[in-house]
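Contents: one structure, followed by commentary.
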Amino acid sequence: MQVDIRNLPKPADTETALAAVVAMRRGADRLELAAVQCAIDKGWTWVEIADSLGVTKQAVHKRYARRVQPAVSRREDR
Amino acid sequence: MIWSRIGRSPVTDMRIMNELFPAAEAAAQADGASLAGAEYLLVAALELEDGTGRRAFERVGANPDDFGTALREQHAEALEGIGLQSIDDELLDRHLPPAAAPIDPVKTAPSARKMFRSIVKKVRKERSQLYSAYFVLAAAEAEHGTTIRAIRHMGVDPAALADAARTEIQLLVGASDQ
């Protein structure tokens, strides 16, 4: 992802700027979920994932434990 | 809870909510979102059996099934507006885990709570029951946010869509009054 600063919205274009923030946040959420699933699939521990994301183990576990699939069931799916 | 009793048909309303909120959460999960916002509430409402929400879109010449695509496209458009290449949604989709069982359907994003509060207020005021057109009406009346941006992205005039939703509601409210 590369930002061309010449295209950054002018301060008056508030709607565009705020919508872009929402879109970036959505993209970051989606990327984080995919990356956490990938890490679990590769056998990473919650501590390792938490350290990589710069959050606590509790925070990452609370957010993703029920959302991602355990590595074993993912392998069986394939 | 704000939805303990909404309109004049509490059992029907409760049945609808029991269907709606898990569906909204599933739509959010499928998109990789952690909480269901107003846009996912609308996606779920468009699948409700009463069909009034879908018909409201059809009344203004729009296909309600295009709303999901419009959501993604307006996100990409917003990123492009600040010079960012849009994120490859299809690539990410392939790496997201499938939607899990509903985790906490009652827990929604602030935009969904705001939308639902406004709907409850309208349903009570009109002594109606919960129809999907109320979700379309609430979405079309919003000034800002992802949902109204997606509606505009579809080429739909929000005021016309709001009128269409009101017409659908009136048809059902009028019929049940007789």
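Data for the structure
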| read-out | value |
| --- | --- |
| Cross-chain or 6+ apart pairs with Cβ under 8 Å, the stretch A:17-39 first and within 15 Å of B:ILE82 (Cβ to Cβ) and facing chain B (nearest Cβ under 7 Å), then surrounded by fewer than 17 Cβ atoms within 10 Å (Cβ to Cβ) and among the β-branched types (Val, Ile, Thr) | none |
| Residue within the stretch B:84-98 that is of a type in the set (Ser, Thr, Tyr) and open to solvent by 60 Å² or more (accessible area, probe 1.4 Å) present | no |
| Every pair of residues 6+ apart whose Cβ atoms lie under 7 Å, when the first sits in the stretch B:1-24 and is at pLDDT 80 or above while the second is aromatic (Phe, Trp, Tyr) and part of a helix (DSSP H, G or I) | B:ALA24/B:TYR40 |
| Wholly enclosed helices (runs of 4 or more DSSP H) of the stretch B:100-178 bearing at least 2 residues within 14 Å of chain A (Cβ to nearest Cβ) | B:110-125, B:146-153 |
| Criterion (closer than 23 Å to B:GLU19 by Cβ, at pLDDT below 95 and of a type in the set (S, T, N, Q)) met by exactly one of B:THR147, B:THR108 | B:THR108 |
| Selection from the stretch B:55-83 of residues that are open to solvent by 60 Å² or more (accessible area, probe 1.4 Å), more than 25 Å from A:ASP13 (Cβ to Cβ) and not polar (S, T, N, Q) | B:ARG55, B:GLU58, B:ARG59, B:GLY61, B:ASP65, B:ASP66 |
| Candidate set from the stretch A:1-56 (those that are touching a Leu at 6+ places or on another chain (Cβ under 9 Å) and β-branched (Val, Ile, Thr)); member that is modelled with the lowest pLDDT | A:VAL3 |
| Single residue of B:ARG149, B:ARG113 found to be free of Cβ contacts under 8 Å to residues at least 12 places away in the same chain and closer than 18 Å to B:ALA27 by Cβ | B:ARG113 |
| Subset of the stretch B:26-50 [in a helix (DSSP H, G or I) and either open to solvent by 20 Å² or more (accessible area, probe 1.4 Å) or among the aromatic types (Phe, Trp, Tyr) (or both)] | B:ALA26, B:ALA27, B:ALA30, B:GLU39, B:TYR40, B:VAL43 |
| Residue check for B:SER176: among the polar types (S, T, N, Q), in contact with a Gly (Cβ under 7 Å, 6 or more places away or on another chain) and open to solvent by 20 Å² or more (accessible area, probe 1.4 Å) | no |
| Pairs, first farther than 17 Å from B:PHE116 by Cβ in the stretch B:29-47, second open to solvent by less than 20 Å² (accessible area, probe 1.4 Å), C-beta under 6 Å, six or more apart | B:GLY32/A:ARG30; B:GLY32/A:LEU33; B:GLY32/B:LEU96 |
| Considering residues of the stretch B:113-137 that are among the small types (Gly, Ala, Ser) and either open to solvent by 20 Å² or more (accessible area, probe 1.4 Å) or at pLDDT below 95 (or both) only, the residue nearest to B:LEU172 (Cα to Cα) | B:SER128 |
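The values are calculated or read from the model by the stated rules, or taken from the named source; none is laboratory data. Keep in mind that what you see is a predicted model, and the values were worked out from it rather than measured. Cβ atoms come from the backbone with ideal geometry, glycine included; neighbour counts cover every protein chain shown. Just so you know, the surface numbers come from the protein's heavy atoms only, side chains and all, with ligands and any DNA or RNA stripped out. Shrake-Rupley method; radii C 1.70, N 1.55, O 1.52, S 1.80 Å.
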